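Inspection log for the structure reproduced underneath, given as structure tokens.
The values are calculated or read from the model by the stated rules, or taken from the named source; none is laboratory data. None of these values were measured; they are calculated from a predicted model. Backbone-built Cβ (ideal geometry, glycine too); neighbour counts: all protein chains shown.
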Amino acid sequence: MTMFSRAGSITPRESVSLLPAYAAGKPPKAAEGLTPYKLSSNENPLGPVPAVVQAMAAVDTLHRYPHPNAENLRAGLAQVLDVSVEDIVAGTGSLGALTQIINAFAGSNSDGSQDEVIYAWRSFEAYPIVVRTAGAKDVTVPVLQDGRHDLEAMLAAITEQTKVLLLCTPNNPTGPALRHSEVETFLAKVPSDVVVVIDEAYQEFVRTEDPLDALALYRKHPNVAVLRTFSKAHGLAALRVGYSIAGQEITRHLRVVAAPFSVSTLAEVAALASLEHLSEVHERVDSLVAERDRVSAALAEAGWTIPEAQGNFVWLPLGEQTADFAEAAGLQALAVRGFPGEGVRVTIGEVEANDRFIELCRTYRFEA
Ligand SMILES: *Cc1c(COP(=O)(O)O)cnc(C)c1O
């Protein structure tokens, strides 16, 4: 046996050692006389519709493996969305579906070069982790002052090495949604060999003029992939089920990298049941949208200037006062998500939680 002279500690790949840790939303702290609320993970406070829970309770095949590729769920989705079953690839949450796309299209190459993935920043915290773990290089383009994607700058960031470009709409954590016409114009300028991922985790909550019809764009552009999830509008975050919709030029590669059995039987059954009760799901979403608009209006009235909120959350650009505000919220038994030096993201929650948050904003001294 040959003995190598090596350092004694186990070390990960270089790209892994450079990764930021994902900071998940924290649970609320207890405070005397106050019901604690978690407003830090953009969860749906209303949960799934009752039929979902019943369908899950009826599952009697827990000893069997699930369908390898969520065949039943994809068939149900194909019908609801009016797309081909072949164009849907399911994953462990839309994060799983995104990981498939990045793994299939961007990484490090045998000649030592690194593929590039462009996305806005600040945006979804998981993007750098997924991109860098794949061995690809992330290229971030700062969002504009009002929290919108800077589409011009994103176009200008495209190079020979660009393989994937991510659009997050509504953008987590800043809130604004992209308009259909601007994405259409944007796509016309993106090289056709760059995969454009449109992350629509909050699609159901959008209420703007000229709303994005991402499925129309996927039908027109073979390089567009749309991401959707059951975690937010459907209230099924615990089950980890999401999917991508894209044409065959993309999905044939996704099927190669997608881990089989990534959607559990319980998740598939629950997601299908939720699809079968879409009008109830939409009623719940409508009530959250009404709460979001109530919160936004109350903040404006209290003198806050916040970006357009089109998801199930609002963004307070608190800058250096971020940690201070998060602490003040904590004293009110509200867990919020602070991004130090930048701002605080607050999920639209139960009515009582939203009331308490509004009251905090009314009394908090923001020295901008
Ligand atoms: C919550 C969220 C997701 C969804 O993640 P899942 O893996 O489906 O739970 C995806 N993208 C963004 C921007 C999100 O905020």
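Filter the stretch 35-50 down to residues that are surrounded by 15 or more Cβ atoms within 10 Å (Cβ to Cβ) and touching a helix residue (DSSP H, G or I) at 6+ places or on another chain (Cβ under 8 Å), then give me how many there are.
Of the residues in that region, 9 qualify.
For the stretch 72-184, please list each of the helices (runs of 4 or more DSSP H) lying entirely inside it that holds at least 3 residues being within 21 Å of A237 (Cβ to Cβ).
Result: 93-105, 126-133.
Which of the residues that make up the stretch 194-211 are closer than 26 Å to A106 by Cα and either more than 16 Å from the ligand (Cβ to nearest atom) or out of contact with any Pro (no Cβ under 9 Å at 6 or more places or on another chain) (or both)?
If the condition is that a residue be closer than 26 Å to A106 by Cα and either more than 16 Å from the ligand (Cβ to nearest atom) or out of contact with any Pro (no Cβ under 9 Å at 6 or more places or on another chain) (or both), then V194, V195, V196, V197, I198, D199 are the ones that fit.
Please go through the stretch 215-238 and give me each residue that is within 16 Å of the ligand (Cβ to nearest atom), surrounded by 17 or more Cβ atoms within 10 Å (Cβ to Cβ) and within 30 Å of V53 (Cα to Cα), ordered by number.
Result: V226, L227, R228, T229, F230, S231, K232, A233, H234, G235, L236, A237.
If you go through the stretch 186-214 one residue at a time, how many are in contact with a helix residue (DSSP H, G or I) (Cβ under 6 Å, 6 or more places away or on another chain), surrounded by fewer than 15 Cβ atoms within 10 Å (Cβ to Cβ) and not charged (D, E, K, R)?
Total satisfying the criteria: 0.
The conditions are (1) in contact with an Asp or Glu (Cβ under 7 Å, 6 or more places away or on another chain); (2) within 16 Å of the ligand (Cβ to nearest atom), and G107 fails exactly one of them. Which is it?
(2)
Only one of these conditions is not met by A238: (1) assigned to a helix (DSSP H, G or I); (2) touching a Pro at 6+ places or on another chain (Cβ under 6 Å). Which number is it?
(2)
Looking at the stretch 265-278, is at least one residue away from the ligand (no atom under 15 Å from the Cβ), under 28 Å from G349 (Cβ atoms) and under 20 Å from the mean Cα position of the chain (by Cα)?
yes
Check R179, R148 and return the single one that is surrounded by fewer than 20 Cβ atoms within 10 Å (Cβ to Cβ), at pLDDT 95 or above and closer than 20 Å to W315 by Cα.
Among R179, R148, only R179 is surrounded by fewer than 20 Cβ atoms within 10 Å (Cβ to Cβ), at pLDDT 95 or above and closer than 20 Å to W315 by Cα.
Suppose we filter V164, V131, V143 for residues that are surrounded by 24 or more Cβ atoms within 10 Å (Cβ to Cβ), in contact with an Asp or Glu (Cβ under 9 Å, 6 or more places away or on another chain) and farther than 16 Å from V226 by Cα; which single one remains?
Only one candidate passes the filter, namely V131.
Against the condition assigned to a loop (DSSP other than H, G, I, E, B), touching a residue at least 60 places away in the same chain (Cβ under 8 Å) and under 30 Å from Q161 (Cα atoms), how does A23 come out, does it pass?
Yes; evaluated as a whole, the condition is true for this residue.
Which pairs turn up if I take residues in the stretch 289-318 that are more than 21 Å from S41 (Cβ to Cβ) and in contact (Cβ under 8 Å) with a residue 60 or more places away in the chain and look for partners that are within 16 Å of the ligand (Cβ to nearest atom) and in a helix (DSSP H, G or I) with beta carbon separation below 7 Å, at least 6 apart in sequence or on another chain?
none
Sort out which residues of the stretch 53-71 are assigned to a helix (DSSP H, G or I) and in contact with an Asp or Glu (Cβ under 9 Å, 6 or more places away or on another chain), and write them in order of number.
A55, E71
So which residues in the stretch 279-316 are within 16 Å of G349 (Cβ to Cβ), among the hydrophobic types (A, V, I, L, M, F, W, C) and either surrounded by 15 or more Cβ atoms within 10 Å (Cβ to Cβ) or in contact with a His (Cβ under 8 Å, 6 or more places away or on another chain) (or both)?
Across the stretch 279-316, the qualifying residues are V285, L288, V289, V295, A298, L299, A309, F313, V314, W315, L316.
Go through the stretch 185-207 and report how many residues are within 19 Å of the chain's Cα centre (by Cα) and either in contact (Cβ under 8 Å) with a residue 40 or more places away in the chain or part of a helix (DSSP H, G or I) (or both).
Adding up the residues that qualify gives 10.
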